[in-house]
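Structure record follows, encoded as structure tokens.
The values are calculated or read from the model by the stated rules, or taken from the named source; none is laboratory data. Source: prediction; values computed, not measured. Cβ: placed from backbone, ideal geometry, glycine included. Neighbour counts: every protein chain shown.
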Amino acid sequence: MKEQVIASRTPRRAAVKGKGFVQRPVRRDGRGIETRSVSFGPIFAYLPSALKVALAILCVITLVVGYRVASSASMFQVRTIDVVGTSRTSAEEIEGLVRRAVNRTGVWRADLPALSAELGRLPGVRRAVVTRVLPDGLRVRVTERMPIAVVRTSGGHFVWVDEEGVGLGEMKTGDQMPPFFIHGWNEDGTPEAGKDNLARVQKYLEAVRAWQGSGIVERVSEITLFDVHDVRAQLSGNDSQIEVRLGAQDLSRLKMGLDVLDEYKQTPRGAEITYVDVQTDRVIVGTSSGNKLSGTTGESDTTANQAAADAMTASTSAAAASDRHTAADKKKTPRESSADRSNKEVRPRVR
């Protein structure tokens with residue numbers, strides 16, 4: 001009969017410890033043991049409603065006061081103001097205006113849209129944008145108005161204007177001369193006046209393009225635009241007394257009028273010419289004596305102009321002959337002698 005040897009068993013817990021795995025007991029309902037955390041919900045549930053409202057109000061007040069204290073702190077007081085984009089406008093003037101506006105509010109609480117709008121109303125400024133450079137700086141980006149024409153006002157001042165007809169200040173000695181000046185400006189300052197002046201600036205630009213292309217812009221001193229449908233050009237230099245009336249016609253017709261004028265100036269009475277009218281198909285030349293001479297355009301210009309010159313010469317000759325006849329008649333008239341005056345009958349006065 002064999003002996004039966006029973007080996008001793010190793011405890012399960014020891015085997016588990018050796019493997020580094022710990023088995024936790026599981027509840028019979030299948031859920032593990034939950035880890036409990038601290039929650040303030042039950043605490044606030046026992047507080048009365050009035051206390052909850054008071055705590056909420058206290059939190060809001062604390063946030064507002066903290067925001068004000070932080071925004072008005074010395075670290076947000078403006079120290080640097082950077083102005084960029086200025087050439088004709090004074091950067092010092094803009095910096096001073098911005099510094100006065102944010103002196104009390106500081107950088108953080110500054111009303112930037114209102115400040116930008118205020119700067120945009122300055123003369124010479126089309127648009128201004130103010131931004132924060134935290135903690136203590138502001139940056140101002142300026143878009144200036146560009147001067148394109150000079151207006152001769154009713155008071156005799158010469159003022160720069162931009163493409164929208166906005167005045168930019170008087171012309172200075174060192175400024176570049178414009179091609180010619182604008183005469184006939186609405187100085188009322190109303191919205192209707194602004195619209196009229198805008199149309200005048202557009203007509204001025206049209207004239208500059210037309211006359212520069214024809215190479216005659218140097219012969220014009222100023223353009224008269226009281227009525228944009230009755231455009232007139234005042235000539236410069238030796239022809240400064242002559243006005244060319246263009247009306248609402250193509251402004252390039254000025255060259256045709258100048259060509260006719262140059263031919264008429266060669267006549268004896270060329271110095272008496274005061275205006276040239278090119279509003280119709282015929283060029284009319286007017287003189288200070290009231291005479292009007294006309295010439296047609298096209299191939300027959302030379303013939304017509306020569307005929308007009310002959311007529312002007314004949315008119316001058318006739319006037320001179322008339323003056324000579326008048327002088328001769330005065331010489332033929334005998335003067336009454338003293339003897340003849342004494343022989344005249346003297347009638348007594350009747351009382």
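Confirm whether ARG232 is assigned to a strand (DSSP E or B), surrounded by fewer than 18 Cβ atoms within 10 Å (Cβ to Cβ) and over 23 Å from the mean Cα position of the chain (by Cα). Judged against the criteria, ARG232 is not a match.
Name every residue in segment 189-229 that is β-branched (Val, Ile, Thr) and over 15 Å from the mean Cα position of the chain (by Cα), in order of residue number. Answer for segment 189-229, where residues must be β-branched (Val, Ile, Thr) and over 15 Å from the mean Cα position of the chain (by Cα): THR190, VAL208, ILE216, VAL217, VAL220, ILE223, THR224, VAL228.
Checking LEU261, LEU246, LEU293 one by one, the residue that is modelled with pLDDT of 50 or more, in contact with a Leu (Cβ under 8 Å, 6 or more places away or on another chain) and either surrounded by 12 or more Cβ atoms within 10 Å (Cβ to Cβ) or in a helix (DSSP H, G or I) (or both) is LEU246 and no other. In segment 229-249, the residues that are outside the structural domain of GLU272 (by TED's automatic domain parsing) and of a type in the set (Phe, Trp, Tyr) form no Cβ pair under 7 Å with any partner that is modelled with pLDDT of 95 or more and not in a strand (DSSP E or B), whether six or more places apart or across chains.
Does ALA117 satisfy being over 25 Å from GLU164 (Cα atoms) and of a type in the set (A, V, I, L, M)? Walk me through it before giving the result.
Details: over 25 Å from GLU164 (Cα atoms): no; of a type in the set (A, V, I, L, M): yes.
Considered against the rule, which asks whether it is over 25 Å from GLU164 (Cα atoms) and of a type in the set (A, V, I, L, M), ALA117 comes out as no.
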